[in-house]
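Some notes on the structure that comes next.
The values are calculated or read from the model by the stated rules, or taken from the named source; none is laboratory data. On a predicted model such as this, the values are computed, not experimentally measured, just so you know. Note that we place each Cβ from the backbone using ideal geometry, even for glycine, and neighbour counts take in every protein chain shown. All accessible areas refer to the heavy atoms of the entire protein, side chains included, with ligands and DNA or RNA removed. Shrake-Rupley method; radii C 1.70, N 1.55, O 1.52, S 1.80 Å.
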Amino acid sequence: MKNKKKLSVGMDDFTKLRREGFYYVDKTQLIADLLHNWGEVNLFTRPRRFGKSLNISMLKAFFQIGCDKTLFDGLAISRETELCEKYMGKFPVISISLKSVDGSTFQAARNALTSLIGKTAMEFSFLSESSRLTETQKKTYEQLIQVGAPGESMFIMSEDILTNSLQTLSGLLAAHYGQQVILLIDEYDVPLDKAFQNGYYEEMVTLIRNMFGSALKTNASLYFAVLTGCLRIAKESIFTGLNNFKVMSITDVRFDEYFGFTDEDVKTMLKYYGLSEHYCSMKEWYDGYRFGKTEVYSPWDVILYCDKLCADPEALPENYWLNTSGNNMVRRFIDKADGKTRNDIERLIAGEEIRKEVHQELTYSELDSTIENLWSVLFTTGYLTSRGRAEGEQLRLVIPNKEIRNLFIRQIREWFQDTVKKDTPKLNHFCNAFPSGNATLIEDLFNEYLWNTISIRDTAAPHGKKENFYHGILLGLLSHREEWRISSNTESGIGYSDILAEIFENRTGIVIEVKYAENGNLDASCKEALEQIEKKKYEAKLRDDGMRNILKYGIACYKKECKVMLAEDCR
């Protein structure tokens, strides 16, 4: 829109965002709250895409020596004049993000970490000429930035130097400036997640534990540290012996409004861009997360949808989370689900809440040990949210919004299709029953499929929408026969038929109408489906396409039961 601030799509650099005039949702009061209520080591755990990296960048921009104070003009923190006078631009700041520490092997991941440390150290190249450092200290600095032989891209660093690198750099900066250091570590748990996925978890745990112990526990040059991540990794895993450790998780009321957009944030943004009429759809799709006692939206989704609406006011909401990494967590969970867990998933998708004991402090090796731990991971990573405590350690868990609900549905459908394909003979048996006119076999096998899948039933959906789940399963099963022409919701006669199948080998056409039996009366719903086929003349397209033998099926479903009726052959 003309004369409006640009939207910061995917931007997590606070300085660039402010200098280039992007729209900024003011979260700078986080700085004041942190200074009024901080521990020596502060850990914030939040799901992906909730502004952790931008907040880390904001902290760096505020505290670092030589900062541009105009970046904070007009923002909440600028009204805290005493704090600004005492802390703004007064500290050497080391800021690193571990999200790039990845590799299929431990050595590859270690190389990535070594390179990251080396590049971070090179940001302070003035240390090599500092008059306040001894020659020994300067040589120590050179070890942090020593590059490999020509053509090599990674830094050479011994185990001891790498382990103590953050502590060493802190000490050098403190000596140069005569001031303790602020250490910011973003995405601290990413290297552990990647290591867990690639089979070198124990080696990475040892490396990270030693590095963090050196930087955070025995570091006299540290003023305070802030870490962010998705999971709260158990202290005995990597934070052993850290008594100066303060955790603000997603259930903590402290700092609860500073990650994610509040309802007021979203209303203000939409009003600024002249998009207030889209508030309800924005809320339905992207709101519903609860941090502490505050309900928040996903900033990533709000900004992307708002940006799209600025270009096209008629744009519909999309599942933006689906295109980010890590959604295999839901699939892993579904793969492990037993009968009771599948029932819980069905209740969640229907909009109900379930009560589960949640453990926020886990080691990665425990994540897959029980299905109960996976509930905890889904909660801490944002796929589920809380509506408050039930009793004891139990939380009332729900799916937060329409976007995440659709993600679950998509993963369930993919899981079902993959599961069904594993038993090809059974699937062929089911498909062949249709041209054979064997309604009893179709009913038996379809009932079996329904019983073994996770039903996607929305108790609040209108009658017609409830049929979509069963329609989708049936369509997926029949699509197995690639030589058949299968069409869905196709115009035929004087209406749109649910499913049409054309089998060219024997010129057989099949009409299927699916009904949801709201009252559980399957027989009546089957008859209603067959009457609709006749009334709407759904077989017309099949006859126009040269099909000679026409079979008409009425299929009624209710929860995990179905009834199949075959009409008389009308040739």
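The figures follow:
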{"read-out": "Charge dipole (region 234-296, unit charges on Cβ, about Cα centre) - positive-most of Thr294, Met282, Tyr272", "value": "Thr294"}
{"read-out": "Counting DSSP beta bridges with both ends in region 428-571, the antiparallel % (nearest 5)", "value": "65 percent"}
{"read-out": "Per-residue SASA entry for His36, accessible area with 1.4 Å probe, Å² rounded to 10", "value": "130 Å²"}
{"read-out": "Leading residue at positive end of dipole, region 394-539 (Cβ point charges), from Leu477, Ala501, Ala529", "value": "Leu477"}
{"read-out": "Using a Förster distance of 30 Å, the FRET efficiency for Asp523-Glu284 (Cβ separation, nearest 0.05)", "value": "0.25"}
{"read-out": "Binned Cα-Cα distance frequencies in the chain - 10 Å width, integer %", "value": "3, 15, 21, 20, 16, 11, 7, 4, 1, 0"}
{"read-out": "Neighbour net charge for Met269 - beta-carbon separation under 12 angstrom, K R +1, D E -1", "value": "-1"}
{"read-out": "By accessible area with a 1.4 Å probe, ligands and nucleic acids excluded, highest first: order of Ile145, Ile494", "value": "Ile494, Ile145"}
{"read-out": "Check: region 500-571 dipole with +1 on Lys, Arg Cβ and -1 on Asp, Glu Cβ, in debye", "value": "40 debye"}
{"read-out": "Spacing of the two label points (7 Å from each Cα toward its C-beta) at Lys559 and Arg19, in nm", "value": "6.3 nm"}
{"read-out": "Selected from Val511, Thr28, Ser455, residue furthest toward positive end of dipole (the chain; charges at beta carbon)", "value": "Thr28"}
{"read-out": "Neighbourhood charge, 12 Å Cβ-Cβ cut-off, centred on Leu378 and excluding it, Lys, Arg +1 and Asp, Glu -1", "value": "+2"}
{"read-out": "Simple label model, 7 Å out from Cα along Cβ direction - Thr136 to Thr424, nm", "value": "7.2 nm"}
{"read-out": "By average C-beta atoms within 10 angstrom, highest first, the peptides 428-439, 253-264, 119-130", "value": "253-264, 428-439, 119-130"}
{"read-out": "Cα centre as origin, Lys/Arg/Asp/Glu Cβ charges: region 52-112 dipole, Debye", "value": "220 debye"}
{"read-out": "Accessible-area composition of the chain, carbon plus sulfur, in percent [1.4 Å probe]", "value": "46 percent"}
{"read-out": "Separation of alpha-carbon centers, region 9-87 and region 389-413, rounded to whole Å", "value": "31 Å"}
{"read-out": "Amide H contacts under 5 Å for Tyr289, placed H, 5+ residues apart", "value": "Val296"}
{"read-out": "Amide hydrogen neighbours beyond the local backbone of Asn42, cut-off 5 Å, H modeled", "value": "Ala225, Val226, Leu227, Lys246"}
{"read-out": "Cα long-axis angle, helix 52-63 against the chain (0 to 90 degrees, to the nearest 10)", "value": "20 degrees"}
{"read-out": "Where chymotrypsin sites (Phe, Trp or Tyr not before Pro) fall in DSSP loop in region 283-314, at most 14 other Cβ within 10 Å", "value": "none"}
{"read-out": "DSSP bridge pairs, the chain: antiparallel proportion in percent, nearest 5", "value": "50 percent"}
{"read-out": "Vicinal HN-Hα couplings computed from phi for region 447-453 (Karplus, 6.51 cos²θ - 1.76 cosθ + 1.60; Hz; Gly/Pro x)", "value": "4, 5, 4, 4, 5, 8, 9"}
{"read-out": "Charge dipole magnitude, Cβ of K and R +1, D and E -1 - the chain, Cα centre, debye nearest 20", "value": "640 debye"}
{"read-out": "Rounded to whole Hz, the Karplus (6.51, -1.76, 1.60) HN-Hα couplings of region 227-232, x for glycine and proline", "value": "10, 10, x, 7, 10, 8"}
{"read-out": "Gyration tensor verdict on region 413-540 (Cα atoms; rounded if a/c is under 1.5, prolate if a/b is larger than b/c, oblate otherwise)", "value": "oblate"}
{"read-out": "Accessible surface, the chain, averaged per residue in Å² (probe 1.4 Å)", "value": "44 Å²"}
{"read-out": "Rounded to whole Hz, the Karplus (6.51, -1.76, 1.60) HN-Hα couplings of region 347-353, x for glycine and proline", "value": "5, 4, 5, 7, x, 8, 10"}
